[in-house]
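Have a look at the structure below, then the notes.
The values are calculated or read from the model by the stated rules, or taken from the named source; none is laboratory data. Please read these numbers as outputs of a predicted model, since none were measured by experiment. A quick note on method: Cβ atoms are made from the backbone with ideal geometry, for glycine too, and the neighbour counts reach across all protein chains shown. Heavy atoms of the whole protein, side chains included, go into the accessibility calculation; ligands, DNA and RNA do not. Shrake-Rupley method; radii C 1.70, N 1.55, O 1.52, S 1.80 Å.
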Amino acid sequence: MSSGDERPPKKIQRLSRDSSQTSKPNFTEINKSNEKVLPTNSAVKPEPSIPNERKPAERTHRLCPYLDTINRQYLDFDFEKLCSVSLTRINVYACLVCGKYFQGRGTNTHAYTHSVAESHHVFLNLHTLKFYCLPDNYEIIDSSLDDIKYVLNPTFTELHIKNLDSSTKLSRAIDGSLYMPGIVGLNNIKANDYCNVVLQSLSHVAPLRDYFLREENYSKIKRPPGDSSYTLVQRFGELMRKLWNPRNFKAHVSPHEMLQAVVLWSRKKFQFTQQGDPIDFLSWFLNALHRALNGTKKKNSSIIYKSFLGSMNIYTRKIPPTELDDKQKRTLLATAEYQEVVTESPFLYLTCDLPPPPLFIDEFRENIIPQVNLYQLLTKFNGQSEKEYKTYKENFMKRFEITQLPPYLILYIKRFTKNTFFVEKNPTIVNFPVKNVDFGELLTPEIKAKHKNTIYDLIANIVHDGEPSKGTYRVHILQKSTGKWYEMQDLHVIDILPQMITLTEAYIQIYELRK
């Protein structure tokens, strides 16, 4: 008998169904010693007992007459696995009739009470993935329930993952709508669109996606005692599997559990109740995942660094104060303090500076939006262009030289500048090609010779619309199997022409190295 069984010692007799009755099929009769007796009208013969064999503790499995009461359209496993009454995480069951979560299945538990009060009988243990019928408290074994188990915990084979970028097969949700796995909306709980666009973009970085779709890749990672940041890895893996689930009940996913982990491990720096900046979230998230996967400073120490880590040389020289005369400046420039210093710096993304928009526009040019070419922004990293950086007491000239390009290159186009009073947005449109972007033009001949290929294709483009503090975010995603582009803004997913992508106010872009 299972641990959840709490039977009174009295003999319980249930009515069996005869030809004149239309009630539900009869159940097992239980005698005083709790031995199982087959119903009188059952055609199933008891199995012969084998001597010296230990009988299992679980009760015999039976078909359940209540399976037709399950409402799959009410089932949503995206939310935190908490009992809706006691808010506990221990021993939680989902009612498969109304979709609510309750604790336990013994006689004094919330699930048992709910079952008796509402006549809801089929429950799923969210941890063990076993199905039970309450209040009779027996386990249900039925292959028709496998789809529910798969939605709660989608699993992917290596062959399935290998074919993700070549499969054009559409999936059908419970409501009959068709969707492409990987191209599904993410629910906006209140103001988490800045997180959604980053999570959608990362779900299409192939090595990162393939790594997190198979839980065995990271299930054996050990963290120090008291450190539970590994939860962030688990939640991201669960979200990735739900986004690519080919057998989902609905054509969207709620990132609720993922965001709960983000709020907790960022110490409330990132909330889903107030708008944030995607680049801040992306930077924190990649570094947090890297540390939780036991990553070190070495390039191949985690899947994060393998995918996104590049390196550059930064040349810095100090500028003499402007109030000095030429002779004093020359004297200072000869000292060691004012010599150019080279430092090697790794990077996960490159920051591109937009030229300042024109201050004054006459009445004939007021509708003209300033534009700039992407290659013009990238000259910052060619090792020759210098830029001035000011601190409160000193000025520096810096130039940047890329020494190693990563397999996936993230560009951050800096649109917001903070001054004393408010945040200002630069509306300049960046003209960029969707394919065949050659970053080799930025490299010196010696460094370029070390790279087999330097041509990249765009796979994700995050856009900001509206005012700096009140705006919204959307993302353009390339579906590799079909070659189509999709625009996603929370739950809204539409296809879009690639020519339209270049007309948007691009904010963050992810480029993939062509192999």
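Of Lys435, Lys480, which residue is closer than 22 Å to Leu354 by Cα, modelled with pLDDT of 90 or more and open to solvent by 10 Å² or more (accessible area, probe 1.4 Å)? Quick ask: steps written out before the conclusion?
Numbers: Lys480 fails: closer than 22 Å to Leu354 by Cα.
Of Lys435, Lys480, the one residue that is closer than 22 Å to Leu354 by Cα, modelled with pLDDT of 90 or more and open to solvent by 10 Å² or more (accessible area, probe 1.4 Å) is Lys435.
Do you know which residues across the stretch 270-288 are open to solvent by 30 Å² or more (accessible area, probe 1.4 Å) and under 18 Å from Phe236 (Cα atoms)?
Gln271, Phe272, Asp280, Ser283, Trp284, Asn287
Among (1) part of a strand (DSSP E or B); (2) open to solvent by 40 Å² or more (accessible area, probe 1.4 Å), there is one condition Asp457 misses while meeting the rest; what is its number? Of the numbered conditions (1) part of a strand (DSSP E or B); (2) open to solvent by 40 Å² or more (accessible area, probe 1.4 Å), the odd one out for Asp457 is (2). Among residues of the stretch 303-348 being under 28 Å from Tyr218 (Cα atoms) and of a type in the set (Val, Ile, Thr), the one that is least open to solvent (accessible area, probe 1.4 Å) is Ile304.
Residue-wise test of (1) over 38 Å from the mean Cα position of the chain (by Cα); (2) at pLDDT below 85; (3) not in a loop (DSSP other than H, G, I, E, B).
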| site | (1), (2), (3) |
| --- | --- |
| Thr322 | yes, yes, no |
| Val342 | no, no, yes |
| Pro356 | no, no, no |
| Phe360 | yes, yes, no |
| Arg365 | yes, yes, no |
| Ile369 | no, yes, no |
| Ile410 | no, no, yes |
| Ile413 | no, no, yes |
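When the stretch 391-407 is filtered for residues that are in contact with a Phe, Trp or Tyr (Cβ under 9 Å, 6 or more places away or on another chain) and not in a loop (DSSP other than H, G, I, E, B), the ones remaining, listed by number, are Asn395, Phe396, Met397, Lys398, Arg399, Phe400, Glu401, Ile402.
Considering the stretch 483-507, the residues that are of a type in the set (S, T, N, Q) and open to solvent by 50 Å² or more (accessible area, probe 1.4 Å) include one that is farthest from Val198 (Cα to Cα), namely Gln499.
Sort through Glu446, Glu424 and tell me the only one that's surrounded by fewer than 18 Cβ atoms within 10 Å (Cβ to Cβ) and in contact (Cβ under 8 Å) with a residue 12 or more places away in the chain.
Values: Glu446 fails: in contact (Cβ under 8 Å) with a residue 12 or more places away in the chain.
None of the other options fit; the residue is Glu424.
Scanning the stretch 179-215 for residues that are in contact with a Gly (Cβ under 7 Å, 6 or more places away or on another chain), open to solvent by 20 Å² or more (accessible area, probe 1.4 Å) and among the hydrophobic types (A, V, I, L, M, F, W, C) yields a count of 0.
Based on this model, can you work out whether Arg267 counts as assigned to a loop (DSSP other than H, G, I, E, B) and at pLDDT below 95? Yes; evaluated as a whole, the condition is true for this residue. For the stretch 401-421, filtering for residues that are open to solvent by 20 Å² or more (accessible area, probe 1.4 Å) and either in contact (Cβ under 8 Å) with a residue 40 or more places away in the chain or within 24 Å of Met312 (Cα to Cα) (or both) leaves 7.
Can you name every one of the helices (runs of 4 or more DSSP H) wholly within the stretch 63-178 that holds 2 or more residues which are out of contact with any Asp or Glu (no Cβ under 7 Å at 6 or more places or on another chain) and open to solvent by less than 40 Å² (accessible area, probe 1.4 Å)? Reasoning before the result, please.
Numbers: elements: 110-118, 146-152, 158-162.
So the answer is 110-118, 146-152.
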